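Some notes on the structure that comes next.
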Amino acid sequence: MTPVHFSFTSTFILGLMGLAFHRTHLLSALLCLEGMMLSLFIALSLWTLQLEATAYSAAPMLLLAFSACEASVGLALLVATARTHGTDHLQSLNLLQC
Amino acid sequence: MAYFVSLFLLGLVLGLVAVASNPAPYFAALGLVVAAGAGCGVLVGHGGSFLSLVLFLIYLGGMLVVFAYSAALAAEPFPEAWGDRSVLGYVLVYVLGLLVIASWFWGGWYEGGWVVVDEFKELVILRGDTNGVAMMYSSGGGLLVLCAWVLLLTLFVVLELTRGLSRGALRAV
């Protein structure tokens with residue numbers, strides 16, 4: 001294992017742990033998802049660059065486009081939550097009432 | 001160059017520690033900006049200058065600006081930075097865990113990882129990643145069309161989610 005591989009692997013696992021444990025805001029959860037997507041982008045790019053499989057380097061771009069879709073839907077849910085509940089605490093999403 | 005890449009890798013991991021340790025969303029967005037900038041440095045260190053440019057302009061310039069703008073919806077009177085006790089506890093736990101795992105791999109680092117793409121070529125006109133991304137428009141055209149279709153679909157999903165007047169997907173908005 002190289003230090004580069006260790007870094008992006010630990011970055012992905014850190015984002016996953018931050019998403020799984022103790023989120024108070026919905027926006028914090030979305031930011032952790034974005035961190036996971038960032039580590040996936042870097043991992044795909046490094047795979048391309050280290051193996052010199054340069055025909056593969058369109059894959060990080062497509063991943064970035066799908067990541068933009070995920071981020072926009074997440075932020076739309078954030079806006080809708082802020083309009084229905086007045087806040088974006090995940091605690092208030094568990095109340096099953098508006 | 002390996003020292004620079006090591007520094008950027010450290011910035012990447014510490015940026016994600018700053019995001020994952022549950023601070024207020026203002027500071028979490030700042031940590032993600034640091035992580036994205038350090039990721040650009042890592043990609044430049046490996047020779048992927050075009051992918052790094054895309055990451056910097058699209059990701060950092062487009063998406064994270066929207067995230068920082070949306071941080072206004074998560075406003076708090078007393079936002080927690082990394083110095084507060086609960087956040088600092090998570091920071092210390094994550095950093096200690098990373099150090100333990102890194103010491104587990106210590107001494108067994110495979111040193112062939114510092115390759116730069118196209119470094120051993122004599123004369124290159126375009127960098128390898130620029131060529132590869134340009135192939136998205138020729139042989140990767142199907143995925144390009146799929147990607148455009150997904151983005152268009154996402155536009156309508158967002159418009160339905162945020163539509164008011166009790167007509168959208170969420171009726172109580």
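Nothing in this text is a laboratory measurement; each read-out follows from the coordinates by a stated rule. Values in this document were obtained by computation on a predicted structure and should not be read as measured data.
Observations on the structure shown:
- Whole-number percent relative contact order across chain A, with pairs defined as alpha carbons under 8 Å at least 6 apart: 29 percent
- The protein assembly as shown, helix-only ellipticity at 222 nm - DSSP H runs n ≥ 4, -39,500 (n - 2.57), divided by all residues, nearest 500: -21500 deg cm²/dmol
- Area projected by the alpha carbon convex hull of the protein assembly as shown, averaged over all directions, nm²: 15.8 nm²
- GNM flexibility winner over chain A from A:Thr81, A:Thr54, A:Thr11 (Cα, springs under 10 Å): A:Thr54
- Computed from backbone phi with θ = phi - 60° and the Karplus coefficients 6.51, -1.76 and 1.60, the 3J(HN,Hα) list for segment B:86-96 is 5, 5, 5, x, 5, 4, 5, 5, 5, 5, 5 Hz; x is used for glycine and proline.
- Short to long, the 5 Å bins of the Cα pair-distance histogram for chain A hold 3, 13, 18, 18, 17, 12, 9, 6, 4, 2, 0 percent of all pairs.
- Using θ = phi - 60° in the Karplus curve 6.51 cos²θ - 1.76 cosθ + 1.60, the 3J(HN,Hα) couplings for segment B:54-69 round to 5, 4, 6, 7, 7, 6, 6, x, x, 6, 6, 5, 5, 5, 5, 5 Hz; x is entered for Gly and Pro.
- Chain B: relative contact order in percent, alpha carbon pairs under 8 Å with at least 6 residues between: 20 percent
- Shown for chain A are the DSSP H helices of 30 Å or more along their axis, judged by Cα atoms, with a mean Kyte-Doolittle hydropathy of at least 1.6: A:26-51.
- Spatial separation of Cα centroids for segment A:25-98 and segment B:48-94, in angstrom: 12 Å
- Long-range tail of P(r) for segment B:38-142 (Cα pairs > 15 Å, %): 79 percent
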